[in-house]
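To start, the structure itself, in structure tokens.
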Amino acid sequence: MFYRIFLTFILVFALNSCTNNNQVKYEAIKNKDNPFELYKEGFEAFNINDFFFASQKFSEAELIFDSPMHAAKSSIMSAYSLYAINLYDDAEETLNRFLKNYPADKNVIYAYYLLAIIQFEQVGDEKHDLKPLNESKKRIESFLKKYPNTEYAIDLKFKKSLLQNQFAAKELYIAKYYISVQKWVPAINRLKIIVNKFDETIFIEEALHRLVEINYHLGLEKEAKKYASILGYNYNSSKWYEQSYKILNKDYNVILKKDAKEKKKLFNKIINIIKKDK
């Protein structure tokens, strides 16, 4: 049901977008609409989450406000309303127009923040194209450079760290593909990118293990041990270290079985002592 309503919003917006700004402005002036009333209608719709109608009313109000301050506020509200219903392209267009028309407005920082968020929300998983990832990283870094001490910077720093994970996931996904077709050199190169650039992400452990795996398979035991030692030193309790240890130590499973038998003997001995005490 929601999906159908959403598609209806897109269709109606597409039809209405055929009317240019001059025509809207002409109709508004002709009907002598009060911009404050239009803004009020938009705000009421906004409060009940009718964002599409709200964006229309804010846009109409902007066109006939005499005050640049009120026009700018209407514009940013329209942009957010479009963003709220995932009409990203239209929201971005409105924000860019806002930045061009009202460069001195107090909401300029928020407009740049929203542009960064819009791009961030369009980043797909590791199977998708890198372009949205790169564009999102670019926008976030640009914002952090311009406005490092704002409240929005805290959120964008966190999102930047999430992007790092996405980049690492992409590299690992490609490396696994190369492994599946036995193209060892490009696979190693991709895994090394994770080790060198994304070592603080959740994918570092698997990347190190894959390097152990590939190098051992190629007979490069010294290289395999190098990556295993890094994995062991930093993550010796992880499942990836355990798997790497199995590769380099063929007696691993035998040792485990032996340890299990010894533990069982000790357990039985303790139980017998307890029974005798009773």
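Conditions (1) at pLDDT below 95; (2) in contact with a helix residue (DSSP H, G or I) (Cβ under 8 Å, 6 or more places away or on another chain); (3) among the polar types (S, T, N, Q), marked per residue:
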position	(1), (2), (3)
37	yes, no, no
49	yes, yes, yes
64	yes, yes, no
67	yes, no, yes
76	no, yes, no
79	no, yes, no
82	no, yes, no
93	no, no, no
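For region 164-185, does any single residue satisfy the condition of being more than 18 Å from residue 206 (Cα to Cα), surrounded by 19 or more Cβ atoms within 10 Å (Cβ to Cβ) and not small (Gly, Ala, Ser)? So far as region 164-185 goes, no, none of its residues is more than 18 Å from residue 206 (Cα to Cα), surrounded by 19 or more Cβ atoms within 10 Å (Cβ to Cβ) and not small (Gly, Ala, Ser). Pairs only if they're at least six apart or on different chains, beta carbon under 8 angstrom, first in region 222-235 and without any contact (Cβ under 8 Å) to a residue 40 or more places away in the chain, second of a type in the set (Asp, Glu) and in a helix (DSSP H, G or I); list them, first residue then second. That search, which allows pairs on different chains as well, returns 224/213; 231/205; 235/205.
Among the helices (runs of 4 or more DSSP H) confined to region 74-167, the ones with at least 3 residues that are touching a residue at least 40 places away in the same chain (Cβ under 8 Å) are located at 108-120. Just one of the numbered conditions (1) crowded, with 21+ Cβ neighbours inside 10 Å; (2) modelled with pLDDT under 95; (3) not basic (Lys, Arg) is not true of residue 12: (1). Here residue 144 passes the criteria (1) among the aliphatic types (A, V, I, L, M); (2) under 30 Å from residue 114 (Cα atoms); (3) modelled with pLDDT under 95 except the one numbered (3).
Taking the criterion of being part of a helix (DSSP H, G or I) and either more than 30 Å from the chain's Cα centre (by Cα) or within 18 Å of residue 161 (Cα to Cα) (or both), the residues of region 182-198 that qualify are 193, 194, 195, 196, 197.
Of the residues contained in region 121-128, one or more are found to be closer than 28 Å to residue 195 by Cβ, crowded, with 16+ Cβ neighbours inside 10 Å and either at pLDDT below 95 or under 10 Å from the mean Cα position of the chain (by Cα) (or both).
Restricting attention to region 91-105, the residues being surrounded by fewer than 20 Cβ atoms within 10 Å (Cβ to Cβ) and either of a type in the set (Val, Ile, Thr) or under 26 Å from residue 52 (Cβ atoms) (or both) number 8. Residue 201 passes every criterion in (1) polar (S, T, N, Q); (2) touching a residue at least 12 places away in the same chain (Cβ under 8 Å); (3) assigned to a helix (DSSP H, G or I) apart from (3). Just one residue in the set 72, 54 is of a type outside the set (Asp, Glu) and touching a Gly at 6+ places or on another chain (Cβ under 7 Å); that residue is 54. Reported count of residues in region 54-110, each being over 16 Å from residue 43 (Cβ atoms) and among the small types (Gly, Ala, Ser), is 3. Residue count for region 53-87 satisfying the condition of being β-branched (Val, Ile, Thr) and surrounded by fewer than 22 Cβ atoms within 10 Å (Cβ to Cβ): 2. Candidates 246, 176: the one that is touching a Lys or Arg at 6+ places or on another chain (Cβ under 9 Å), part of a helix (DSSP H, G or I) and more than 30 Å from residue 117 (Cβ to Cβ) is 176.
Within region 72-90, the set of residues being closer than 13 Å to residue 55 by Cα and hydrophobic (A, V, I, L, M, F, W, C) comprises 76, 77, 79, 82, 84, 85, 87.
The values are calculated or read from the model by the stated rules, or taken from the named source; none is laboratory data. A quick note: this is a predicted structure, and the numbers were derived from the prediction, not measured. Cβ atoms come from the backbone with ideal geometry, glycine included; neighbour counts cover every protein chain shown.
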